[in-house]
Amino acid sequence: MLLGISVSEVCPIGGTSTTEEPMKQQIATGILAISMAGGVSTSVVAHQLSSESDPEPKATPSATQTSKKTDKPKSTKTANPPPGTGGGTKTSEPPKLPLAPVGALRIIPGAVGPVQVGMSKQDAYATGYFDADVSVPACNRTDDLVWKAGYNDQLDIRTNDDGSVAAIGIRGGGPRTRSGLGVGSTYESVQGVLGEVAPEPAGQGQTGLFVSEGNGWIGFLFNAAPDAVAPTDTVTFVEVTSGVRPGLTRSGC
């Protein structure tokens, strides 16, 4: 059977029929109708399969990009930093420390008050007792350190090539040792404290008495020569040094 029609109905076996042509037309018409019906059905099924296997993509909401505000990093730089804390601030003056009056400065081997022989220029300047880089036109030079007013009439300072403290001189009667010795003390009183040390030539034909403690030294100068010094002669100059005995000499320049 083909498409629901028997072969015998299409063409009887063993002969021909006078109705052969009309029958052929009917068969052709039936086949065409079935084919058309089958074609429509096939296309419908194909469309359904295509819809199941390849579904149409659904519209998805697009992600909306939002720009998050980024906080700027906070600056670690301090505006107007105080002097001495960095930030490019140059400190032109030493810290304002209370300065002892000149008469309260103690003379010890290697130091006068807080100022020690061997101190760097910066450390000495930081004590507050000095002006730095002072021009001396009369001598055509610039001194690394000079005692401030109120001190420089009784004290002087000598420096090395690098500006460090080489020696401190005392010309006035203010500063004293622990035993009260200083400018104006008698030869007899100095010898009484030092323990009868031998006088030695010093200065320019003058006499010196010296005492040391560790690396520090104190020298006392008397105007008379060693063989002529008297018990009542007085100290005219005192010098402190470190590592070497005081020379007890000064010049105008």
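The residues Glu239, Glu188, when put in order of fewest to most other Cβ atoms within 10 Å, stand as Glu188, Glu239. Net charge of the neighbourhood of Ile168, taken over other residues with C-beta under 10 Å away and scored Lys/Arg +1, Asp/Glu -1, is -1. The overall shape of the range 171-253 is rounded: from the C-alpha gyration tensor, with semi-axes ordered a ≥ b ≥ c, the ratio a/c is less than 1.5. Summarising the label geometry, the points placed 7 Å from Cα in the beta-carbon direction at Ala198 and Ala126 lie 4.3 nm from one another.
Rg over Rh for the range 102-242 works out to 0.99, using Cα positions for both radii and the Kirkwood form for Rh.
Residues Val244, Val134, Val238, Val183, ranked from the fewest to the most other C-beta atoms within 10 Å, line up as Val244, Val134, Val183, Val238. Going from the fewest other Cβ atoms within 10 Å to the most, the residues Asp133, Asp227 appear in the order Asp227, Asp133.
Bear in mind these aren't lab numbers, they're just calculated from the coordinates by the rules spelled out. The structure displayed is predicted, hence computed values, not measured ones. Please note: Cβ atoms are built from the backbone with ideal geometry, for glycine as well, and neighbour counts cover all protein chains shown.
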